[in-house]
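One structure is given here, and the rest of the page talks about it.
The values are calculated or read from the model by the stated rules, or taken from the named source; none is laboratory data. Remember, predicted model here, so these are calculated numbers, not experimental data. Glycine gets a Cβ as well: all are built from the backbone with ideal geometry, and neighbour counts include every protein chain shown. Accessible surface areas use protein heavy atoms only, side chains included; no ligands, DNA or RNA. Shrake-Rupley method; radii C 1.70, N 1.55, O 1.52, S 1.80 Å.
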Amino acid sequence: MQDENSPTWLPRLAAHGEPRFLQIADALQAAVTDGALKPGDRLPPQRQLAAQLDVDLTTITRAYDEARRRNLLEGRGARGTYVAAPKVELTSILDLSMNTPPPPDGVDFDDLLKQGLSQVLMRANNELLMTYHLAGGSDSDRKAGAKWLEPMFGHLDSRQVVVCPGAQAAIAASMLALTEPGDIILAEPTTYPGLRAAATQFGRRIVAVDVDKHGMVPEMLEEACRRHKPGLVYLNPTLQNPTATTIPERRRKELAGIAKRCNVRIVEDDPYWLLADAPPPPVATYAPEHVHYIATLSKCLTPGLRVAFVLIRDPHQRERFLAALRSFALMVAPLTAALATQWILDGSADRLLEGVRNEARLRHRMARDILAGRYSGFGDGLHVWLELPAYWSPSQLARVADGEGIAVTPAEAFATGSGSVNAIRISLGSIKDRGRLQAGLQRLSHLLARRPESFSAAVV
């Protein structure tokens, strides 16, 4: 119960609602916003505040930590904790170009990180965390990978799972394991730029296969397989990057059947499956011996883990993959792999995933409202594929947007051939603050409504 000497900015804590430390942090933020607390004001000592609010000291510590994370407070050693001066924004760029998960809704990420690392350091042999490991992950890391893949495949033999330092490494290792220099790789006309980058470095050639609104057209894939004898087919079948298309189940079965008939391997890069609303089973379900299935944590948890799980059921193909991986990436960093494993096994990863999923859907609703008739998303995932008015070209709009302080990705960045659609990709997770994201989307909407000739020739 609060006493009569309690600071006026403190809330009446609700018994049923947000966690109490968040209620306190929110009250701090509101007090700074409305001027009740000013930069340089000293806050009460934590024990005193805990007594005034009749909560335990840990709650106040977490509230102050959260307020520091929001740049509201700063510690000055023995002198105490003070309201921080406004943080100077060093860049005005509103980045809608990088596909990263948004800050998880309702999840204290800092606390999750501290608790996870604490458990890792308490339970693991610290010497093993700082030495070399065999490529492919430890037994516990593979078991965590098998658990992470259960929503897609059910129970798995963890020996079929390989742990990689990110999806890009998995794509590169698959390319080296399945193809030779000069081989052709079949992909969609617009696809993940990392595929093209790896193919260029390794001397492989990408050939585009026609698509329709449901993704890669089976008849065109079979014709291309028979004509080009490709080393592999690359698919990103769920919330495809960049078009956000999800290939329906029936077509997935058809594509899997072609892989078996033509004896071609598929690299199924599926980073968004766990973010999608009721996605179909992976292509690997229907052609398990013909598919390398890649699931990265970078798009649904955090890029900093640099951990991806690759399901390869064929033991011969798995050994070839591991040999290729060892040629350029000996191992996943043991500390981050151990943290990923800890989070997966103790349920933290599921909580973080749910927070990211909820925040992403909220941001899609924001984009739908602001972009009105131009929004063509599906309400989930990390990005929107925005078709442009005829008077804009993608590269032209990207240049003008950059001049206006907005970064977007034009369609040309994803093109595997000479053709390109008139569109840009907007990423909804790279701007942490919702208010800044809203400002970026509104500014972009205003740009789309204007014609290029209304801007200076130097910019256009």
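Quick one: is G417 within 22 Å of the chain's Cα centre (by Cα) and either within 20 Å of T190 (Cβ to Cβ) or not assigned by the TED database to the domain that holds T190 (or both)? Please lay out each step first, then the result.
Working: within 22 Å of the chain's Cα centre (by Cα): no; either within 20 Å of T190 (Cβ to Cβ) or not assigned by the TED database to the domain that holds T190 (or both): yes.
No: the conditions fail for G417.
Just one of (1) in contact (Cβ under 8 Å) with a residue 24 or more places away in the chain; (2) under 21 Å from R204 (Cβ atoms) trips up R227, so point out which.
(1)
Tell me, yes or no, whether segment 375-394 has at least one residue that is modelled with pLDDT of 95 or more, in a helix (DSSP H, G or I) and either not small (G, A, S) or not assigned by the TED database to the domain that holds R204 (or both).
Looking through segment 375-394, at least one residue is modelled with pLDDT of 95 or more, in a helix (DSSP H, G or I) and either not small (G, A, S) or not assigned by the TED database to the domain that holds R204 (or both).
Does any residue of segment 38-59 turn out to be closer than 30 Å to P271 by Cβ, out of contact with any strand residue (DSSP E or B) (no Cβ under 6 Å at 6 or more places or on another chain) and open to solvent by less than 30 Å² (accessible area, probe 1.4 Å)?
The initial filter retains those residues of segment 38-59 that are closer than 30 Å to P271 by Cβ, namely none.
The answer is no, given that none of the residues of segment 38-59 is closer than 30 Å to P271 by Cβ, out of contact with any strand residue (DSSP E or B) (no Cβ under 6 Å at 6 or more places or on another chain) and open to solvent by less than 30 Å² (accessible area, probe 1.4 Å).
Among the listed residues A224, A284, which satisfies the condition of being touching a Leu at 6+ places or on another chain (Cβ under 7 Å), surrounded by fewer than 24 Cβ atoms within 10 Å (Cβ to Cβ) and not acidic (D, E)? Give the steps one after another, and end with the answer.
Working: A284 fails: surrounded by fewer than 24 Cβ atoms within 10 Å (Cβ to Cβ).
When all the criteria are applied, what remains is A224.
Any idea which of A36, A84 is free of Cβ contacts under 8 Å to residues at least 60 places away in the same chain, touching an Asp or Glu at 6+ places or on another chain (Cβ under 7 Å) and of a type in the set (A, V, I, L, M)?
Values: A36 fails: touching an Asp or Glu at 6+ places or on another chain (Cβ under 7 Å).
Within the list A36, A84, the selection yields A84.
Which of the residues belonging to segment 319-356 are in a loop (DSSP other than H, G, I, E, B) and surrounded by fewer than 19 Cβ atoms within 10 Å (Cβ to Cβ)?
Residues of segment 319-356 that are in a loop (DSSP other than H, G, I, E, B), as a first pass: 327-333, 347.
Matches in segment 319-356: S327, F328, A329, L330, A333, G347.
Among the candidates T100, T131, single out the residue that is over 30 Å from A187 (Cβ atoms) and open to solvent by 20 Å² or more (accessible area, probe 1.4 Å).
Values: T100 fails: over 30 Å from A187 (Cβ atoms).
Result: T131 is the single residue among T100, T131 that is over 30 Å from A187 (Cβ atoms) and open to solvent by 20 Å² or more (accessible area, probe 1.4 Å).
Consider A407 carefully, then state whether it is touching a Leu at 6+ places or on another chain (Cβ under 7 Å), over 17 Å from T243 (Cα atoms) and modelled with pLDDT of 95 or more.
Working: touching a Leu at 6+ places or on another chain (Cβ under 7 Å): yes; over 17 Å from T243 (Cα atoms): yes; modelled with pLDDT of 95 or more: yes.
Criteria met by A407.
Can you pull out every residue in segment 170-190 that is touching a residue at least 24 places away in the same chain (Cβ under 8 Å), part of a loop (DSSP other than H, G, I, E, B) and either more than 23 Å from Q240 (Cα to Cα) or not assigned by the TED database to the domain that holds V310 (or both)?
Looking only at segment 170-190, we keep the residues that are touching a residue at least 24 places away in the same chain (Cβ under 8 Å), and these are 170-180, 183-190.
Narrowing the set further to residues that are part of a loop (DSSP other than H, G, I, E, B) leaves 179-180, 183, 188-189.
Passing the criteria: T179, E180, D183.
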